[in-house]
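Please read the structure below before turning to the comments.
The values are calculated or read from the model by the stated rules, or taken from the named source; none is laboratory data. Note that this is a predicted model, so its numbers are computed, not measured. As a convention, Cβ positions derive from the backbone with ideal geometry for all residues, glycine included, and neighbour counts pool all protein chains shown. For accessibility, only protein heavy atoms count, side chains too; no ligands or nucleic acids. Shrake-Rupley method; radii C 1.70, N 1.55, O 1.52, S 1.80 Å.
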Amino acid sequence: MKALILVDLQNDFMPGGALAVADGDQVVPIANQLMPHFDLVVATQDWHPADHLSFASQHAGCSVGEVIDLGGLEQVLWPDHCVQGTAGAAFHANLNTDYIRRVFPKGTDRKIDSYSGFFDNGHRQATGLAEFLREHGVTEVAVMGLATDYCVKFTALDAAALGLRTSLIEDGCRGVELKPGDVSRAVQGMRDAGVSLVTAEQIL
Ligand code: VGL
Ligand code: ZN
């Protein structure tokens, strides 16, 4: 069984959003095209409380892009984004959600961020995604979405570490690129961990 994992295809990561990823909206039609070609489709949704501690606004004197220590983990500070129930946290209006069997919210605990769709950044709490895939007999996953250098990367790395055959749909992803080269380093890191690179066309 092969699953497609759609990572964070939410308004705040689209052009004009609070944490806009350049050309992030261009991957939405790719997701729509690919979904019918998988046995199972799941999606992750960044879903923060309004006072989430990954937000620079919660730390007096700190600014967006700064790295702080948060409960013993390095934390990049972000603009307020994907606040539970807001329009920014909603999926892009053109995303066809009919095929999505389950949505996994993440980043719901104020005190810890969660880039991966499987676990929080401290690997303390699971979202239930691994169990869901196991229950459905999934042995292979393909990952696409936003952003390549954060949530896509950590989702793909966890999938591979869990023993799933993992591929990255490279043209189905866009990155934040806080520092130049972040996206290519992220892709290389995934390859080093055994993730294979594919294009949407190879799947279709
Ligand atoms: C993401 C930064 C903060 C992502 C989520 O979806 O890649 N990045 N929250
Ligand atoms: Zn977030």
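Listing for the model above:
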{"quantity": "The chain - percent of accessible surface contributed by carbon and sulfur, probe 1.4 Å", "calculated": "48"}
{"quantity": "Helix-only [θ]222 nm of the chain, DSSP H runs n ≥ 4, -39500 (n - 2.57) each, per residue, nearest 500", "calculated": "-5000 deg cm²/dmol"}
{"quantity": "Sequence of Trp78, Trp47 from largest to smallest accessible area, 1.4 Å probe", "calculated": "Trp47, Trp78"}
{"quantity": "Region 54-68 - phi-based ³J(HN,Hα) in whole Hz, Karplus 6.51/-1.76/1.60, Gly and Pro as x", "calculated": "7, 8, 4, 4, 8, 10, 3, x, 9, 10, 4, x, 5, 10, 10"}
{"quantity": "Protection proxy ranking of 161-168, 37-44, 181-188, 64-71 - average other beta-carbon atoms within 10 Å, highest first", "calculated": "37-44, 161-168, 181-188, 64-71"}
{"quantity": "Translational D in µm²/s for region 73-148 (Stokes-Einstein at 10 °C, 1.306 mPa s, Kirkwood Rh from C-alpha pairs)", "calculated": "110"}
{"quantity": "Net charge of neighbours whose Cβ lies under 9 Å from the Cβ of Met144, counting Lys and Arg as +1 and Asp and Glu as -1", "calculated": "-2"}
{"quantity": "For region 1-155, with +1 on Lys and Arg beta carbons and -1 on Asp and Glu, the positive-most of Ala147, Gln45, Gln58 along the dipole", "calculated": "Gln45"}
{"quantity": "Tail weight of P(r) past 29 Å, computed on alpha-carbon pairs of the chain, percent", "calculated": "16"}
{"quantity": "Accessible area per residue in Å² at 1.4 Å probe, computed on region 55-204", "calculated": "49"}
{"quantity": "Charge sum, other residues only, whose C-beta stays under 13 Å from Gly194's C-beta, Lys/Arg counted +1 and Asp/Glu -1", "calculated": "-1"}
{"quantity": "Rounded to 10°, Cα long-axis angle of helix 182-192 versus longest principal axis of the chain", "calculated": "50"}
{"quantity": "Nearest-20 debye value, region 50-145 charge dipole, Cβ charges on Lys, Arg, Asp, Glu", "calculated": "240"}
{"quantity": "Global form of region 110-202, assessed from the alpha-carbon gyration tensor, a/c cut-off 1.5", "calculated": "oblate"}
